[in-house]
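Written below as structure tokens is the structure these notes are about.
The values are calculated or read from the model by the stated rules, or taken from the named source; none is laboratory data. Just so we're clear, the structure is a prediction, and the values are computed from it rather than from any experiment. Don't worry about glycine lacking a Cβ; one is built from the backbone with ideal geometry, like all the others, and counts go over all protein chains shown. Side chains included, ligands, DNA and RNA excluded: accessible areas come from the protein's heavy atoms. Shrake-Rupley method; radii C 1.70, N 1.55, O 1.52, S 1.80 Å.
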Amino acid sequence: MTIIFLTLQMFAGPITNLSISDTLYNPAVFESSDKIRINFYLEALYATELENEFKYAYDQFNNGVGKINTYSGQFSYIKPSNLIVGLTYRNFNFTAGYELYRSFEYKMERDIYDRDNMQILHGYFFSHGGIYGAYLGLGLKGRVFNFGIKFVNYFYRNSIRANIPFPQNITRKFRKGGIQLFSSFDITDRIRTSLFYSNSVTFFFSYKTFVFTCPPPYTASSSLPVREGLEVVYLPPTDIVTSTSFLYMREGKGHYLKVNFRHNFLDVNAFEFGGGLFKDETDNWGSFLTLGLGYDYGKVGFVSHIMYRYLSYREEDICSDSHEVTSSLVSISLGVRYRP
């Protein structure tokens, strides 16, 4: 039987379009007020992903002559990704909400030739769920330095359906607590830095998924490693660009770099674009581009954000021939906020 070893590429940077220096996301970044102010933000995510697999072709002299497309698949999904309710009074900021940290949505269907039994088998693999958290947070504001903390109740849910080499249906649900630390430091009137730290959360379980015949079986487990982030925001003295930001995040062995430019037109319409590089947990490098549009109508604001991500890597293991995998993802997030 043709052997295929499945690896899900999880790391792609933040799922939400809010950066760690955003006043809605970071409880340490807010404006003091003598009156109680309420902030509300709701965000949903639509994503579509295209995956291709290529095998290398060789002539009779073992010279490479090109690549053959052996698999092409596409799938889409919609998920709520963020819900934030904030309350600010004087130098205190209270926040509560929901956030999606990692999505397990994946779909694959393909025909596999069983050389032993000389027949073609239709294999499929479906994965649903993700890791998300409900949290309560507190922010304290000083003259220059601000501090914030979130107490998070993490939820893990993953449902897997596959039929190779035998039908299987596995569902796992777990809960675990954790904390996230935030800070903001005003270096000058035009330069501000924000820091983020989240402790690792491991869901202690292990199960074997025989997605395709391949001894030894693939053992799957899941965790959120230590996550750290630094963002520097610069407000240039020009009307062309309202703000420029540089974001670096680390999640375990993965790295995420982004440069973003933002401009507000008449303080009503917002336009931003950016891009960067990321390295996943298996040392594969990818790139992405982002584009955002916003519109304020009184106290209500509408935000749309588009991201295109591309990843290409080569796999060589004892269970399959050497092959190349390319993955491209387009995600669209729509958000609505209320700020009095």
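[x] 1.04; [y] 0.97; [z] 1.13: which one is Cα Rg over 2.2 N^0.38 Å as calculated from this entry?
[z]
Relative contact order for segment 222-340: what percent, with Cα pairs under 8 Å and sequence separation of 6 or more?
With pairs under 8 Å counted, the relative contact order is 15 percent.
Roughly how many Å is it from the Cα centre of segment 91-157 to that of segment 247-297, as a whole number?
About 19 Å separates the Cα centre of segment 91-157 from the one of segment 247-297.
Based only on Cα atoms, what mean projected area does the convex hull of segment 68-183 have, in nm²?
The Cα convex hull of segment 68-183, projected and averaged over all directions, gives 11.2 nm².
Kindly provide the GluC sites (Glu not before Pro) of segment 233-323 that DSSP labels as loop, not H, G, I, E or B, and whose Cβ sees at most 15 other Cβ atoms within 10 Å.
The qualifying sites are Glu281.
Please state the relative contact order of the chain as a whole percent: Cα pairs under 8 Å, 6+ residues apart?
Relative contact order here is 17 percent.
So how much accessible area does Glu99 have, in Å² to the nearest 10, using a 1.4 Å probe?
Counting only protein heavy atoms, Glu99 exposes about 10 Å² to solvent.
FRET efficiency for Asp34 and Val300, Cβ-Cβ distance as r, R0 = 22 Å, nearest 0.05?
Computed FRET efficiency for Asp34 and Val300 comes out at 0.40.
With only Lys, Arg, Asp and Glu charged, each at its Cβ (+1 for the first two, -1 for the last two), find how big the charge dipole of the chain is about the Cα centre; round to the nearest 20 debye.
Here the size comes out at about 1320 debye.
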